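As structure tokens, the structure follows; a few thoughts come after it.
The values are calculated or read from the model by the stated rules, or taken from the named source; none is laboratory data. Everything quoted here is computed from the prediction, not taken from an experiment. Reconstructed Cβ throughout: ideal geometry from the backbone, glycine too, with neighbour counts over all protein chains shown. What goes into the accessible areas is simple: the full protein's heavy atoms, side chains included, and nothing from ligands, DNA or RNA. Shrake-Rupley method; radii C 1.70, N 1.55, O 1.52, S 1.80 Å.
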Amino acid sequence: MASRASQQGLFFRMHIDLTLLLGLIALIALGQVILYSAGGESMALMQRQWIRLGMAFVVMLVIAQISPDTMRRWSPVLFLFGTIMLVAVLLVGTKALGARRWLDLGLFRFQPSEMMKLAVPMMIAWFLAAGHIPPGNKRIFMALGILLLPVLLIARQPDLGTSLLVSSAGIFVIFMSGISWRLIAGFVMAGITFTVPLWLFLMRDYQRQRVLTMFNPESDPLGSGYHIIQSKIAIGSGGIFGKGWLNGTQSHLEFLPERHTDFIFSVFAEEFGFSGSLILLALYLFIIYRGIYITTQAHGTYARLLGSSVILTFLIYIFVNIGMVSGILPVVGVPLPLVSYGGTSVVTLMAGFGILMSIHTHRKLLAH
Amino acid sequence: MAAKQLLKDHFIELRIFQHRSIVAILFTMFLFGILISRLFYLQISNHDHFTTLSQNNRVSVQAIPPTRGLIYDKNGIILAENLPSYTLQIIPEQTKDIDNLLEQLATLIDIRDVDIKKFKKEVHRKRRFEGIPLRFHLSDEEVAIISVNLHRLPGVEIQAQLTRFYPYGKETSHVVGYVGRINEQELKTLPVTNYSGTNHTGKLGIEKSYEALLHGQVGYQKVETNVRGRVLRVLERSNPTPGDDLYLNLDINLQKVAAEAFKGKRGALVAIDPQNGHVLAMLSMPDYDANLFVNGIDSKTYKALNSSWERPLFNRTLLGNYPPGSTTKPFFALAGLELNVISPDHEIFCPGYYQLKGKAHKYRDWKKWGHGKTNITKSIVESCDVFYYDLAFQLGIDKMHQFMSSFGFGQRSGIDILGERKGLMPSRAWKKRVHGQVWFPGETVITGIGQGYLLVTPLQLALATATLANGGKYYQPQLVHSIKRKSDPIPRLVSPQLVRQIPVKKKSNWAIIYHAMTEVIHGRRGTARRLNKPGMRYKIAGKTGTAQVFSVAQDSSYKEEGLEERLKDHAVFMAFAPVKNPKIAIAVVVENGGHGGSVAAPIAGKVIEAYLNQFSDEELKAPPKATPKPATSRKKTLRTKVKLTVKPEPDTTAALMIKENTHG
């Protein structure tokens, strides 16, 4: 008993939350199993993903060492830097697949919008934590102003998925700061009236097309509705127990495009069925509950606001991804967190968990 | 009071936060509830429906690659074709023990370790029911052996497919180029859909420059597959559109004559039709067999080609920068006349050297004791250096630069294959920019005999000669004569591109130059008089050159061998014929060949002879009154079309002028 306590103490001193860490490891392990199948049993692909995961773990551990106080002080700088980079991307960014998302820095490519997934909630938490809680209406509108600028810049790239994640990260901070329900109701009404100009002027044709085919995928079976139809067939044909690992016919016969990135959940649901999906969702829930628990124990307004935003954004990732591959949300290009193949989102997500670990392990333990 | 207030604030804040956290948990449960009920709906309530869909989901679309367009020479002789070849492939799913199978195969036909290595790499990348190639280009005998034993080789298949073949792979390697397997870089730039069934793409020469036309449009077929993906039957088919055929201006017979004449030598030859810029021959020696590259060259052969000091892979016609030497003299003489710097009866005394006023340095003539009294004609016929030292000094580098540039020196010609070099026609501005130095008068003097900074590619020299021959019409050189779409009955012609007409101040000035150049071959003291044979049906105008090699080519990766040889001068020769009705302009460079008259000129002579032998006496005579040329039926259709698109010149300027001069 004593040895276990001391071991936990060791992790704690290293600023690692063991419970959260174990949850993440279990999730990533399950993710690797399905990636092997979805990626066409390619070891080369697995190895590339392991390198990214290794990097992401290092990033998480490094960030966990930084105290929330330090983060708070650096929040405005980080935000300002990120915003400037976003403007730079629009001016001189590298174009790929019709979108301008990267800055080519010679040695590597940098995606500022990815950084903003953390910089935006940090900035808004910094701003709200500096004043009274709950904030007055004026401060709430100022916070929304801070949020709007980067979101519009990212939407212009265009990157609908990321702008959605960044805006939800910011909105969660404002929500957790105790904004009144009446105001929330007002915003919902305003949101509905805002959707109209968004639809008419801001969205690109291909985005509008995506939304339209979402409501009626059968209208374009070989075009933009193809992904959703095939994905639904894959998930549905999985049944209760699935077709078994590496046996998904839908996914392995290349009916599913992007099956190792955004559509990886379809492969999972086809091969492991409803029961497997419940296990995956349970793992996600475990991580989310641990995150929320950490924030309720957190010291200081900034830490609480930032921590809960990070974990709720993680929730949005899961909901939007599974929602889109199962045909209840439009396809906006959000990966299944920590499972989809791809580097940038993994690093940001793990950095987010680094923040949570930092919040948990930098508490002044006097209270306990 | 303040402390109490703060404490109270803190308490309120905590309560708000805890309240919101409960909302967050409820929110999480709500969203997860939606997802779970959606999954329940898809996977349990509608499982049967989706299972049926999944079973029926067997129609897939397959790409059918188009047949690549063919390449013909001027006379319809095929230069690049698609031949059926046999590939041995193995379907992993149908065989139990691949290693055992490979061993068995090795006892029947020749299989190298490299093949096995490549095969095993592919096994991991492809699906188990897909055939994976083991050996390409099976001989008929090998096909027979395998076919007989097929019953005891489960999973082995022989596939027939089309492979690019170049019947004149050696002679045309630098012009036609070759196709090769698409590499990763090309994958990024080639249109994805159109190349979905294609393995090869043009890598060099015509094959690369005309890739878009040669490739064609992909077709597709909808096939019914079983649940594992094997094709059961074809439901619907949309045929691919084959690539366009290309007819070149190149004459493969000339190309062969040139290659034969060049045997054992290094260098380049370019022949152009002065009346339209058509490239008749284009040879870089040594050459190599383009067929080696089609299905992947093995690294040993490639290394040997790539590291050879003779550099067979280096296309000298477009990339070789050579000092033109004395072949520039006719151009400078013309510059002197046209710019009124010298008069037609200008004469100097050549003591064998030249000195700038107030300078001790002596610029030597190749003839130690001098040429004595020298006029323009003699200066070209005997290639007097002192005449041009003096002329260059009088012209000045700026005028020289301007005049020579109009003939294309120092400029890309715009030929329809990629990668040509610019050569170099120096100027004050250029030296300032590149070397950061002022121009020295001495540099003008040596530029006058085609040395110094001046560099040309063989293509540029041929083009300048053509431009001189036709009275100043600078055409963009063209390799492709016409393009035949499979659906069209006759080919579409690529019309000649006249880039500029160099202003002719006095026709008699040009005639003086033609006369002098004719004397180079047909005169008693001409430097290329060995080309003069009794009974010739036409006259040749030309100029020899001998270029000092002060800096060995651009790269220094040559090995020791051949070093001594490499210090010898380059032999250069340019010519056009017949003088009165130019049909061919030619430039020849023989690397380290020595003197232009003895080494380069005979090669040019053979090519000119081979080309002009195709024409009747009537056609060689001037002025050509648009006489219809004898042609095969295909050529007839082409030629008639030429007349529609290209206005044939009823009188070649050169021909007229020479008449005025010699009889006037």
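Given a 1.4 angstrom probe, I'd like the percentage of the accessible area of chain B that is carbon and sulfur, rounded to a whole number. Please list the in-between numbers first.
Numbers: 17170 of 31540 Å².
Of the solvent-accessible surface of chain B, carbon and sulfur hold 54 percent.
What range in chain B is the longest one free of GluC sites (Glu not before Pro) that are in a loop by DSSP and have at most 15 other Cβ atoms within 10 angstrom? Mind dumping the intermediate values first?
Numbers: sites that count: B:E130, B:E310, B:E560, B:E561.
No qualifying site falls inside B:311-559, the longest such stretch.
Taking a span of 20 Å or more along the helix axis (Cα atoms) and a mean Kyte-Doolittle hydropathy of at least -0.5 as the rule, the DSSP H helices of chain B that qualify are B:2-40, B:507-522.
Got a sec? What order do B:Y166, B:Y302, B:Y453, B:Y178 fall in by accessible area at 1.4 Å, biggest, i.e. largest, first? Let's see the in-between values first.
On the way: B:Y166 0, B:Y302 90, B:Y453 60, B:Y178 30 Å².
The ordering from most to least exposed comes out as B:Y302, B:Y453, B:Y178, B:Y166.
With solvent modelled as a 1.4 Å probe, how much accessible area in total do chains B and A shield from it at their shared surface, in Å² to the nearest 100? Intermediate results must be reported in sequence, preceding the final value.
Working: alone 33710 and 17590 Å², together 47190 Å².
When B and A are taken together, about 4100 Å² of accessible area is lost.
Annotation: amide H-H contacts under 5 Å for B:K367 (H modelled 1.01 Å from N, sequence separation of 5 or more, or interchain): B:D385. With N counted as the residues of the range A:253-368, its alpha-carbon radius of gyration over 2.2 N^0.38 Å works out to 1.22. Evaluating 6.51 cos²θ - 1.76 cosθ + 1.60 at θ = phi - 60° for every residue in the range B:160-165, the Karplus couplings come out as 9, 8, 9, 10, 5, 9 Hz, glycine and proline recorded as x. With protein chains left intact and a 1.4 Å probe, residues in the protein assembly as shown average 46 Å² of accessible area per residue.
Between B:A80 and B:I71, the built amide H atoms are under 5 Å apart, and every one of these is 5 or more places off in sequence or on another chain.
Hey, what's the Kirkwood Rh for the range B:62-248 if you take every pair of different alpha carbons, in angstrom? One over the average 1/r among Cα pairs gives 18.5 Å for the range B:62-248.
Per-residue HN-Hα couplings for the range A:31-47, Karplus 6.51 cos²θ - 1.76 cosθ + 1.60 at θ = phi - 60°, whole Hz, x for Gly and Pro? Taking θ as phi minus 60°, the curve returns x, 5, 4, 7, 5, 4, 6, 5, x, x, 6, 8, 5, 4, 5, 4, 5 Hz for the range A:31-47. Heavy atoms of the protein only, probe of 1.4 Å, neighbouring chains included. What is the accessible area of B:H10 in Å², nearest 10? We get 90 Å² for B:H10. Between B:S85 and B:Q161, B:L162, B:T163, the built amide H atoms are under 5 Å apart, and every one of these is 5 or more places off in sequence or on another chain. Annotation for the range B:311-377: trypsin sites (Lys or Arg not before Pro) lying in DSSP loop with at most 11 further Cβ atoms inside 10 Å of their Cβ are B:K357, B:K359, B:K368.
For the range B:104-170, the calculated P(r), taken from all Cα-Cα distances in 5 Å bins from zero up to the bin holding the longest distance, is 3, 13, 22, 24, 20, 10, 5, 2, 0 percent.
Kirkwood's formula applied to the C-alpha pairs of chain B gives a hydrodynamic radius of 29.5 angstrom.
Between the listed residues B:Q497, B:V445, B:W369, the Cα displaced farthest toward the positive end of the dipole of the range B:252-663, a dipole computed from Cβ unit charges relative to the Cα centre, is found at B:Q497. Rolling a 1.4 Å probe across all protein chains gives B:S209 an accessible area of roughly 40 Å². Taking GluC sites (Glu not before Pro) as exposed when DSSP calls them loop and at most 16 other C-beta atoms lie within 10 angstrom, chain A has its longest site-free stretch at A:42-253.
Taking a quarter of the surface of the Cα convex hull of the protein assembly as shown gives a mean projected area of 58.2 nm².
I need the semi-axes of the equivalent ellipsoid of the range B:146-199: take the C-alpha gyration tensor, multiply each eigenvalue by 5, square-root it, list largest first in whole angstrom.
On the way: eigenvalues 192, 88, 14 Å².
Equivalent-ellipsoid dimensions as semi-axes: 31, 21, 8 Å.
The Rg/Rh ratio of the range A:20-367, with both radii computed over alpha carbons and Rh defined as the Kirkwood radius, is 0.96.
Accessible surface ranking for A:T261, B:T241, A:T295, 1.4 angstrom probe, highest first: B:T241, A:T261, A:T295.
The figure for A:W199 is an accessible area of roughly 80 square angstrom, using a 1.4 Å probe on the protein chains alone. For the range B:372-489, the Kirkwood hydrodynamic radius comes to 16.3 Å, computed from all pairs of different C-alpha atoms.
For chain A, the carbon plus sulfur part of the accessible surface works out to 69%, probe radius 1.4 Å.
Per-residue 3J(HN,Hα) values for the range B:535-547, derived from phi via the Karplus relation 6.51 cos²θ - 1.76 cosθ + 1.60 with θ = phi - 60°, read x, 5, 7, 8, 10, 10, 10, x, 8, 8, x, 10, 9 Hz in sequence order (x marks Gly and Pro). Charged side chains reduced to their Cβ positions (Lys and Arg at +1, Asp and Glu at -1) give the protein assembly as shown a dipole of some 2340 debye around its Cα centre.
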